[in-house]
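Enquirer: Structure below; questions to follow.
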Amino acid sequence: MKITAVKSILTCPQRNYIFVKIETDQGVYGWGEASLNWSEFEVMTRLEQISPLLIGQDPTRIQDLWHYLYARTYWMGGSISMAAIAGVDMALWDILGKRAGLPVYQLLGGKSREGVVVYNHAIGSTFEETAEQVAAFVDRGYKVVRVQVGEYGGVGNRPQSYAGERAGGSAYLEPTEYFHAGAYIENVPKLFQYLRDQFGMELELFHDVHGKLTPIQAARLAKNLEPYRLMFLEDPLRPEHRESFRLLRQHTTTPLGMGEIMQSKFDLLPLFQEQLIDYYRLPPVHSGGISEAMKIAALAEPYDIRSAFHGPDDIGPVAQAAAVHVSRAIHNFGVLEWADYNTATHEVVSGISTPRDGLAYPQELPGLGIDVNEGLAAQFPYTRVPTPMVRRIDGTMHVY
Ligand SMILES: [Mg+2]
């Protein structure tokens, strides 16, 4: 079996997704995904560069091809390379599954569980609105919910005392949330008190800080959240603040989840070795694919650190399918972030799984169990999607 073509498709039925199709001389083809929000053109260019290297190669030599693509670029690693390699890697696993007549999770060692627990986001503008959304997810069978007041914990309109700083309110081009660390640190435990009063202690709840706090602020928040038994506190610090994870860990028993904007096992390994986190977030699509996701899980397993793969809707359904297969197979699975896709995405990609009772299941088909309609994908060209920016209340740009 030989690779005859590698095609990359940039399509925006909902968000911008990059799908990679690898074709072979035996008619079997595979799909992968290399989506990387805000770096779509860079990833497409990298795929254009590496695709000719794959022509004529044996697609079943997944391990060797992974390292070939990784080493070949010389400037190894980085988010763009890892996404591009992930797209290729997933497609090769899809081909292998089709050739073997088995779902990919079977090739990864078989199922460690039937369904994988998924979570979704409750983001109200008030405690009451957030609670209503939590209740709706619980009604749908969700067992884990991420809870926020405002996606980034913003205070909405700027306090009046700052209004004169930039006359006429926001002059920025993109939607802007304003963040007041002091108010935020006081507010989040109150949100959890409100939700625990309503839903009890059993429901798994957690919260995403989006890396907006200083180390000592993060320590204070994590400590104050201890009575509310979070499943984990997500991204309490920026990944660059690696030294500060020790400080944070020493101050709290709130479990910590980290790493959605990290890029490889090399970023996560020191956090594993020192047991500074409890859940890792780096998903297959941003870490080099299924092959690398299996290695990262193996590195985390001896420390009882579990997966919580990043999976918002700027990651598409092919990558989601790959994450479900990996999550079903690995022993140290924790939870999987879930994105619901719109009708257009369901039309472009077939085989998207729908969670039942808060659990997602892979398709019981050879390979990843998904297919992409190329003609339809071409009808949804790249679209610039504005994403909210976060500023401190005095107008200073926030890092995240
Ligand atoms: Mg996050």
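The values are calculated or read from the model by the stated rules, or taken from the named source; none is laboratory data. Since the model is a prediction, treat every value here as computed from it, not as a measurement. Every residue, glycine among them, receives a Cβ derived from its backbone with ideal geometry; neighbour counts consider all protein chains shown.
Rundown of residues vs (1) closer than 28 Å to T387 by Cβ; (2) not polar (S, T, N, Q), yes/no style:
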{"position": "Y17", "(1), (2)": "yes, yes"}
{"position": "I22", "(1), (2)": "no, yes"}
{"position": "E33", "(1), (2)": "yes, yes"}
{"position": "L36", "(1), (2)": "yes, yes"}
{"position": "L47", "(1), (2)": "yes, yes"}
{"position": "S51", "(1), (2)": "no, no"}
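Enquirer: OK, next. Scanning the range 334-383 for residues that are assigned to a strand (DSSP E or B) and out of contact with any helix residue (DSSP H, G or I) (no Cβ under 6 Å at 6 or more places or on another chain), which turns out farthest from I290 (Cα to Cα)?
Expert: R356
Enquirer: Pull up the range 200-240, narrow it to residues that are β-branched (V, I, T) and part of a loop (DSSP other than H, G, I, E, B), then point me to the one that is surrounded by the fewest Cβ atoms within 10 Å (Cβ to Cβ).
Expert: Checking each candidate, the answer is T214.
Enquirer: For the structure I just gave you, tell me whether D267 is within 16 Å of the ligand (Cβ to nearest atom) and over 21 Å from H207 (Cα atoms).
Expert: yes
Enquirer: Next up: Among E374, E347, E364, which is the only one that is under 21 Å from Q106 (Cβ atoms) and touching a residue at least 40 places away in the same chain (Cβ under 8 Å)?
Expert: Of E374, E347, E364, the one residue that is under 21 Å from Q106 (Cβ atoms) and touching a residue at least 40 places away in the same chain (Cβ under 8 Å) is E364.
Enquirer: Also, I was wondering about something else. Tell me which of these E260 doesn't satisfy, since it passes every other one: (1) among the charged types (D, E, K, R); (2) in contact with an Asp or Glu (Cβ under 8 Å, 6 or more places away or on another chain); (3) more than 16 Å from the ligand (Cβ to nearest atom); (4) outside any helix (DSSP H, G or I).
Expert: In the conditions (1) among the charged types (D, E, K, R); (2) in contact with an Asp or Glu (Cβ under 8 Å, 6 or more places away or on another chain); (3) more than 16 Å from the ligand (Cβ to nearest atom); (4) outside any helix (DSSP H, G or I), E260 misses (3) alone.
Enquirer: Moving on. I'd like to verify a number: residues in the range 92-142 that are touching a Gly at 6+ places or on another chain (Cβ under 9 Å), exposed (fewer than 15 other Cβ atoms within 10 Å of the Cβ) and of a type in the set (S, T, Y), how many?
Expert: Qualifying residue count, the range 92-142: 1.
Enquirer: While we're looking at this one, here's another question. Inside the range 312-329, can you point out the residues that are surrounded by fewer than 24 Cβ atoms within 10 Å (Cβ to Cβ) and out of contact with any Lys or Arg (no Cβ under 8 Å at 6 or more places or on another chain)?
Expert: Scanning the range 312-329 gives a single hit, P312.
Enquirer: Can you go through R356, R281, R328 and tell me which one is of a type in the set (K, R) and within 16 Å of the ligand (Cβ to nearest atom)?
Expert: Values: R356 fails: within 16 Å of the ligand (Cβ to nearest atom); R328 fails: within 16 Å of the ligand (Cβ to nearest atom).
Sole residue among the options that is of a type in the set (K, R) and within 16 Å of the ligand (Cβ to nearest atom): R281.
Enquirer: So T396 clears everything in (1) at pLDDT below 95; (2) surrounded by 15 or more Cβ atoms within 10 Å (Cβ to Cβ) except one condition, right? Which one?
Expert: (2)
Enquirer: Okay, moving on. Picking from D313, D340, which residue would you name as being over 24 Å from L268 (Cα atoms) and under 14 Å from the mean Cα position of the chain (by Cα)?
Expert: One residue alone meets the criteria, D340.
Enquirer: Within the range 181-231, how many residues turn out to be on the phi > 0 side of the Ramachandran plot and within 16 Å of the ligand (Cβ to nearest atom)? Steps first, answer last, please.
Expert: If we filter the range 181-231 for residues that are on the phi > 0 side of the Ramachandran plot, which is where we start, we get 200, 210-211, 229.
If we keep only those that are within 16 Å of the ligand (Cβ to nearest atom) too, we end up with 210-211.
Summing the residues that are on the phi > 0 side of the Ramachandran plot and within 16 Å of the ligand (Cβ to nearest atom) in the range 181-231 gives 2.
Enquirer: Return a yes/no flag: does the range 48-60 have any residue that is surrounded by fewer than 14 Cβ atoms within 10 Å (Cβ to Cβ), under 25 Å from the mean Cα position of the chain (by Cα) and assigned by TED's automatic domain parsing to the domain that holds I9.
Expert: yes
Enquirer: Further question on the same structure: So the check is Cβ under 7 Å with 6+ separation or different chains; which pairs have a first residue in the range 279-296 that's not assigned by TED's automatic domain parsing to the domain that holds R328 and a second one that's β-branched (V, I, T) and surrounded by 24 or more Cβ atoms within 10 Å (Cβ to Cβ)?
Expert: Here the result reads none, with nothing in the range 279-296 linked to a residue that is β-branched (V, I, T) and surrounded by 24 or more Cβ atoms within 10 Å (Cβ to Cβ).
Enquirer: V155 versus (1) surrounded by 15 or more Cβ atoms within 10 Å (Cβ to Cβ); (2) modelled with pLDDT of 60 or more: which is the lone unmet condition?
Expert: (2)
Enquirer: Something else: Inspect the range 278-285 for any residue being part of a loop (DSSP other than H, G, I, E, B), of a type in the set (D, E, K, R) and either at pLDDT 95 or above or surrounded by fewer than 21 Cβ atoms within 10 Å (Cβ to Cβ) (or both) and give the result as yes or no.
Expert: Pass one, the range 278-285, residues part of a loop (DSSP other than H, G, I, E, B): 278, 281-283.
After this cut, where a residue has to be of a type in the set (D, E, K, R) as well, the list is 278, 281.
Going one step further and asking which of them are either at pLDDT 95 or above or surrounded by fewer than 21 Cβ atoms within 10 Å (Cβ to Cβ) (or both), we end up with 278, 281.
Taking every residue of the range 278-285 in turn, at least one turns out to be part of a loop (DSSP other than H, G, I, E, B), of a type in the set (D, E, K, R) and either at pLDDT 95 or above or surrounded by fewer than 21 Cβ atoms within 10 Å (Cβ to Cβ) (or both).
Enquirer: Got at least one residue in the range 226-236 being farther than 15 Å from V147 by Cα and either more than 24 Å from the chain's Cα centre (by Cα) or touching a residue at least 12 places away in the same chain (Cβ under 8 Å) (or both)?
Expert: Yes, the range 226-236 contains a residue that is farther than 15 Å from V147 by Cα and either more than 24 Å from the chain's Cα centre (by Cα) or touching a residue at least 12 places away in the same chain (Cβ under 8 Å) (or both).
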